[in-house]
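Here the structure comes first, spelled out in structure tokens, and everything after it is commentary.
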Ligand code: F6P
């Protein structure tokens, strides 16, 4: 049904940094295709190849670059599950400066409010060179999309890597309908203005080049509009309840949309009942020990995910409430992310050290309080979701956070959710989760105690309501809603 709705729409081009496939280059020059990772890819992949959209993405590593060169305009359909994909062979240095330098060290830090002033940020000559690379990388996308898009077609540009693309495309192809969607939070104006003035302007002008700008929650849409007013002097159009619904600037109107990407219930329920997940569940149960409770977390080891404070909160729980010693295990999956950046590598080491300290301080011969796993394994994560008594999701800031939405959907016996009030998901799940200030380690420890002590019937009731809220806008619907909104604008 969803595909029918897409077919009734104008032809579509998707543009995102990470695409639906990634390639590993063997020593003998052979290429092995695998699935691209992350929430954005899952959301966009949900419509499937039948929708006929062309997906433009970047070559991220050497394997991708070789594949893109060998393939030419389209990747081999056998590697992409039939999805038409154009992978851009952006030079390695340009990509590194745009992705690591600007997208992940500047824009990501701004929107997640991660800078530790007075040491960071520092906008120097190196930053300016990286910015030039970011412009070139955005221009490569805009040119490729301009070539791919049919007359009057729809273009959906994704995320902070590609903020300049809507504005560039508007110049190249004024006939197109252009939408941009942010999967991150948007920084509030007082934080956003830490960016150099010309860059702050350029990013906003870039997004405003589109007909629509989409966000995961009203909070992020309002912050974007507030930045447009503060930085550009743009006019913000509001609904009766005061939410920003459009931004008018230099004679154009960009409408704002809020589309809260939900969990894919059908996929998760089916996938989490397969034999490999059953086997992992049994193994994890054995590792935790019979009768013990489990507090589970699953994250990319990402600075905004706040894993170290989560571990410290668990430590406080054991210090303050000795009744839990020997009776609970914190199963933490913290898999590698953005390891080209030293700050991420250091953070990963800090996560490991903190877990070891807890185990050294409290562990006994037959009980290890923290079971930390640093490698990514999707079936094992699903098994942990099923087993969890408590899920800890405590990001400093997060666009949405799909883990918070996935756990209640697959939980076997109900799971209490301790959730950061700074995650976008809190807007939808706040009533039945235990909300915490992510910086408040003491309050997080208290919430963990409350979650572990929750009456099982209450926990089950809450889990059901959480699952219903979490699946309200499944990925395919999320995609179609954005598209319909773009066509109406
Ligand atoms: O949160 C924004 C986002 O693009 C997610 O959709 C995705 O899971 C994550 O960042 C991936 O980041 P990267 O592509 O750097 O691994």
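The values are calculated or read from the model by the stated rules, or taken from the named source; none is laboratory data. All values reported here derive from a predicted model rather than from experimental measurement. Here Cβ is always computed from backbone atoms with ideal geometry, including for glycine, and neighbour counts include all displayed protein chains.
Being closer than 26 Å to residue 276 by Cβ and surrounded by 14 or more Cβ atoms within 10 Å (Cβ to Cβ) is the filter here; which residues of segment 356-377 pass it?
Residues satisfying the conditions are 368, 370, 371, 372, 373, 374, 376, 377.
Given the criterion within 16 Å of the ligand (Cβ to nearest atom) and surrounded by fewer than 17 Cβ atoms within 10 Å (Cβ to Cβ), identify the matching residue among 336, 290.
Just a single option satisfies the conditions, and that option is 336.
Any chance segment 259-266 includes a residue that's free of Cβ contacts under 8 Å to residues at least 60 places away in the same chain and either surrounded by fewer than 20 Cβ atoms within 10 Å (Cβ to Cβ) or in the same structural domain as residue 451 (by TED's automatic domain parsing) (or both)?
Initial filter on segment 259-266 (free of Cβ contacts under 8 Å to residues at least 60 places away in the same chain): none.
Within segment 259-266, none of the residues are free of Cβ contacts under 8 Å to residues at least 60 places away in the same chain and either surrounded by fewer than 20 Cβ atoms within 10 Å (Cβ to Cβ) or in the same structural domain as residue 451 (by TED's automatic domain parsing) (or both).
Tell me, which helices (runs of 4 or more DSSP H) lie completely within segment 13-117 with 2 or more residues that are within 16 Å of the ligand (Cβ to nearest atom)?
39-45, 62-71, 92-96, 108-111
One line per residue, one yes/no per condition, for (1) assigned to a loop (DSSP other than H, G, I, E, B); (2) under 26 Å from residue 423 (Cβ atoms):
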| residue | (1), (2) |
| --- | --- |
| 210 | yes, yes |
| 219 | no, yes |
| 240 | yes, no |
| 266 | no, yes |
| 286 | no, no |
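Sort through 258, 277 and tell me the only one that's in contact with a helix residue (DSSP H, G or I) (Cβ under 6 Å, 6 or more places away or on another chain) and under 25 Å from residue 375 (Cβ atoms).
Matching residue, one of 258, 277: 277.
Is it fair to say residue 146 is part of a helix (DSSP H, G or I) and surrounded by fewer than 24 Cβ atoms within 10 Å (Cβ to Cβ)? Working first, answer last.
Numbers: part of a helix (DSSP H, G or I): yes; surrounded by fewer than 24 Cβ atoms within 10 Å (Cβ to Cβ): yes.
Yes, satisfied.
Condition first: at pLDDT 95 or above and touching a helix residue (DSSP H, G or I) at 6+ places or on another chain (Cβ under 9 Å). Now tell me which residues in segment 63-73 satisfy that.
65, 67
One line per residue, one yes/no per condition, for (1) at pLDDT 95 or above; (2) more than 21 Å from the chain's Cα centre (by Cα); (3) assigned by TED's automatic domain parsing to the domain that holds residue 309; (4) within 28 Å of residue 96 (Cβ to Cβ):
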position	(1), (2), (3), (4)
327	yes, yes, yes, no
333	yes, no, yes, yes
360	yes, yes, yes, no
364	yes, yes, yes, no
368	yes, yes, yes, no
374	no, no, yes, yes
378	no, no, yes, yes
382	yes, no, yes, no
396	yes, no, yes, yes
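One line per residue, one yes/no per condition, for (1) more than 16 Å from the ligand (Cβ to nearest atom); (2) in contact with a strand residue (DSSP E or B) (Cβ under 9 Å, 6 or more places away or on another chain):
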position	(1), (2)
119	yes, no
155	yes, yes
162	no, yes
166	yes, yes
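Residue by residue, here is whether (1) in a helix (DSSP H, G or I); (2) closer than 30 Å to residue 319 by Cβ holds:
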{"residue": "443", "(1), (2)": "yes, yes"}
{"residue": "450", "(1), (2)": "yes, yes"}
{"residue": "462", "(1), (2)": "yes, yes"}
{"residue": "467", "(1), (2)": "yes, no"}
{"residue": "473", "(1), (2)": "no, no"}
{"residue": "476", "(1), (2)": "yes, no"}
{"residue": "481", "(1), (2)": "yes, no"}
{"residue": "486", "(1), (2)": "yes, no"}
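For the subset of segment 300-327 comprising residues that are assigned to a helix (DSSP H, G or I) and within 16 Å of the ligand (Cβ to nearest atom), which member is surrounded by the most Cβ atoms within 10 Å (Cβ to Cβ)?
Per the criteria, the residue is 305.
Which one of 451, 470 is in contact with a helix residue (DSSP H, G or I) (Cβ under 7 Å, 6 or more places away or on another chain) and either in contact (Cβ under 8 Å) with a residue 60 or more places away in the chain or more than 30 Å from residue 276 (Cα to Cα) (or both)? Even if it seems obvious, please write down each step before you answer.
Numbers: 451 fails: in contact with a helix residue (DSSP H, G or I) (Cβ under 7 Å, 6 or more places away or on another chain).
Result: 470 is the single residue among 451, 470 that is in contact with a helix residue (DSSP H, G or I) (Cβ under 7 Å, 6 or more places away or on another chain) and either in contact (Cβ under 8 Å) with a residue 60 or more places away in the chain or more than 30 Å from residue 276 (Cα to Cα) (or both).
When the residues of segment 40-70 are narrowed to those that are surrounded by fewer than 18 Cβ atoms within 10 Å (Cβ to Cβ) and on the phi < 0 side of the Ramachandran plot, which ends up nearest to the chain's Cα centre (by Cα)?
61
Give the residue, chosen from 107, 114, that is under 25 Å from the mean Cα position of the chain (by Cα), over 21 Å from residue 165 (Cβ atoms) and modelled with pLDDT of 95 or more.
114
Residues in segment 125-143: is at least one over 17 Å from residue 195 (Cβ atoms), more than 16 Å from the ligand (Cβ to nearest atom) and in contact with a strand residue (DSSP E or B) (Cβ under 8 Å, 6 or more places away or on another chain)?
Yes, segment 125-143 contains at least one residue that is over 17 Å from residue 195 (Cβ atoms), more than 16 Å from the ligand (Cβ to nearest atom) and in contact with a strand residue (DSSP E or B) (Cβ under 8 Å, 6 or more places away or on another chain).
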